[in-house]
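> Sending over a structure as structure tokens; questions will come in a sec.
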Amino acid sequence: MRYAVIGTGAIGGYYGAILARAGNEVHFLLHSDYTHVVAHGLQVMSCDGDFVLPRVHAHQSTATMPQVDVVLVGLKSVNNHLLDTLLPPLLKADTIVVLIQNGIGLESDLQERFPQLHIVAGLAFICSAKTEPGVIRHQCYGNINLGNYSCPDEERLALLVREMKAAGIGTALVEYQEARWKKAVWNMPFNGMTVALNTTTDQLLAHPSTRMLIRQQMSEVVGAAQALGVTAVTEDFADKMIENTLRMVPYAPSMKLDYDYHRPMEITYLYSRPIAEAAKVGFRMPQLEMLEAELKFLEKKELQR
């Protein structure tokens, strides 16, 4: 299949590069580092082995890109309004759009604007960063779960999974709501807490009091998911996320990098929406509500500087 990557950053750029390395046709939308990538290629510094794609299909606009079978959206969700103009040139009747983004409510909002779109949630379990032009630093993990939101063609979705696996990407099809809320179990505590306390994942778990707080916040996410009928999200899964994080390299999640680089944070989909969804069924998330308020305060203060 033919692929397009919208948002060639730490996540979209990594998966697009892996697919391209395996021989798939992948078109990359680039902005600030377009000239660098055209001149020097796309470089991946990976725990699984470094590689360089010396020549890639690089574009500054989706208007110059072909229609594709799969669009991998790696944009930060604060920029999702741009999809209204970025997506149409890429779409065929059966194009699958994979939102490799963090949060709750992303797919329903996009579906409202594109009622016929075939949307899949992409839940990446990966430590990756892009802090210089054309260079992606993949630190550990790398699997991705796909949750089908509105794609009616199960055979094409299965083909996508096969091609990703063939490229070396650990990929699994999972139930949509389960996928989104399982990712929230990790994202909601760690993204916000690394910002609020100006730290990294390892330090949060090294100190007994913050480790306990992280685990309590995870339990709030588990409770919200179960209140919404997502019974596969359990306390045992939260314990597994703690253990997986202890094995990770010291890591600053995407929200921490956004804050450090003075960019808007993904508070709406990572915090406000899941808190609101839980509230609809009468479940409160008091610790995460407090964290949401702290993040809004910090963001306003930072953007006013």
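> Can you name the number of the only condition in (1) in contact with a Gly (Cβ under 6 Å, 6 or more places away or on another chain); (2) open to solvent by less than 60 Å² (accessible area, probe 1.4 Å) that V52 fails?
For V52, the failing item is (2).
> Only residues in region 52-77 that are in contact (Cβ under 8 Å) with a residue 12 or more places away in the chain and basic (K, R) count as the first member; pair them with residues that are outside any loop (DSSP other than H, G, I, E, B) and open to solvent by 20 Å² or more (accessible area, probe 1.4 Å), Cβ under 8 angstrom, at least 6 apart or cross-chain, and list the lot.
Sorted first by the residue in region 52-77, then by its partner, the pairs are K76/S254.
> Continuing with this model, one more query. For region 131-156, give me each residue that is open to solvent by less than 60 Å² (accessible area, probe 1.4 Å) and either over 23 Å from Y269 (Cβ atoms) or touching a residue at least 40 places away in the same chain (Cβ under 8 Å) (or both).
Scanning region 131-156 gives G134, V135, I136, H138, C140, G142, I144, L146, S150, C151, D153, R156.
> Tell me which residues, restricted to region 193-241, are assigned to a loop (DSSP other than H, G, I, E, B) and of a type outside the set (A, V, I, L, M).
N198, T199, T200, H207, G229, T231, T234 - these are the residues of region 193-241 that are assigned to a loop (DSSP other than H, G, I, E, B) and of a type outside the set (A, V, I, L, M).
> Take region 62-99 and flag every residue that is open to solvent by 50 Å² or more (accessible area, probe 1.4 Å), farther than 20 Å from N148 by Cβ and assigned to a loop (DSSP other than H, G, I, E, B).
Q67, K76
> Applying the selection to region 263-305, what residues are open to solvent by 30 Å² or more (accessible area, probe 1.4 Å), at pLDDT 95 or above and of a type in the set (A, V, I, L, M, F, W, C)?
Result: A276, A279, V281, F283, M290, A293, F297, L298.
> Right, next: Does region 14-25 include one or more residues that are of a type outside the set (F, W, Y), crowded, with 20+ Cβ neighbours inside 10 Å, in contact (Cβ under 8 Å) with a residue 60 or more places away in the chain and touching a helix residue (DSSP H, G or I) at 6+ places or on another chain (Cβ under 9 Å)?
Checked region 14-25: at least one residue is of a type outside the set (F, W, Y), crowded, with 20+ Cβ neighbours inside 10 Å, in contact (Cβ under 8 Å) with a residue 60 or more places away in the chain and touching a helix residue (DSSP H, G or I) at 6+ places or on another chain (Cβ under 9 Å).
> Any residue that is aliphatic (A, V, I, L, M), under 25 Å from S272 (Cβ atoms) and at pLDDT below 95 - is there at least one of those in region 95-107?
Within region 95-107, not a single residue is aliphatic (A, V, I, L, M), under 25 Å from S272 (Cβ atoms) and at pLDDT below 95.
> Considering every residue within region 189-201, establish whether at least one is open to solvent by less than 40 Å² (accessible area, probe 1.4 Å), touching a Gly at 6+ places or on another chain (Cβ under 8 Å), touching a residue at least 12 places away in the same chain (Cβ under 8 Å) and of a type in the set (S, T, Y).
no
> Taking I104 as meeting all but one of (1) in contact with a Lys or Arg (Cβ under 7 Å, 6 or more places away or on another chain); (2) in a strand (DSSP E or B); (3) among the hydrophobic types (A, V, I, L, M, F, W, C); (4) under 19 Å from V185 (Cα atoms), write down the number of the exception.
(2)
> Also, I was wondering about something else. When residues of region 204-263 are filtered for being of a type in the set (G, A, S), under 28 Å from T131 (Cβ atoms) and out of contact with any Ser or Thr (no Cβ under 7 Å at 6 or more places or on another chain), how many remain?
2
> Still on this structure: Considering each residue of region 40-58, count those that are in a loop (DSSP other than H, G, I, E, B) and out of contact with any helix residue (DSSP H, G or I) (no Cβ under 7 Å at 6 or more places or on another chain), and give that number.
Number satisfying all stated conditions: 7.
> Return the residue satisfying two criteria in turn: it lies in region 208-253 and is among the hydroxyl-bearing types (S, T, Y) and closer than 24 Å to A196 by Cβ, and of such residues it is surrounded by the fewest Cβ atoms within 10 Å (Cβ to Cβ).
For region 208-253, the residue satisfying everything is S209.
> Let me ask you something else. Take M255 and tell me if it is under 24 Å from H138 (Cβ atoms), in a helix (DSSP H, G or I), out of contact with any Gly (no Cβ under 6 Å at 6 or more places or on another chain) and free of Cβ contacts under 8 Å to residues at least 60 places away in the same chain.
no
> Cβ-Cβ below 7 Å, separation at least six or inter-chain, first residue in region 274-303 and part of a helix (DSSP H, G or I), second open to solvent by 70 Å² or more (accessible area, probe 1.4 Å) and at pLDDT below 95: which pairs?
Listed pairs, sorted by first residue: E302/H262.
> Still on this structure, please answer the following. Output yes when any residue across region 59-66 is within 23 Å of I126 (Cβ to Cβ) and either of a type in the set (D, E) or in contact with a helix residue (DSSP H, G or I) (Cβ under 7 Å, 6 or more places away or on another chain) (or both), and no when none is.
Checked against the condition, which is being within 23 Å of I126 (Cβ to Cβ) and either of a type in the set (D, E) or in contact with a helix residue (DSSP H, G or I) (Cβ under 7 Å, 6 or more places away or on another chain) (or both), region 59-66 yields no hits at all.
The values are calculated or read from the model by the stated rules, or taken from the named source; none is laboratory data. Keep in mind it's a predicted model, so treat the numbers as computed, not measured. Counting neighbours? That spans all protein chains shown, and the Cβs are built from the backbone with ideal geometry, glycine included. SASA here: full protein model, heavy atoms, side chains in, ligands and nucleic acids out. Shrake-Rupley method; radii C 1.70, N 1.55, O 1.52, S 1.80 Å.
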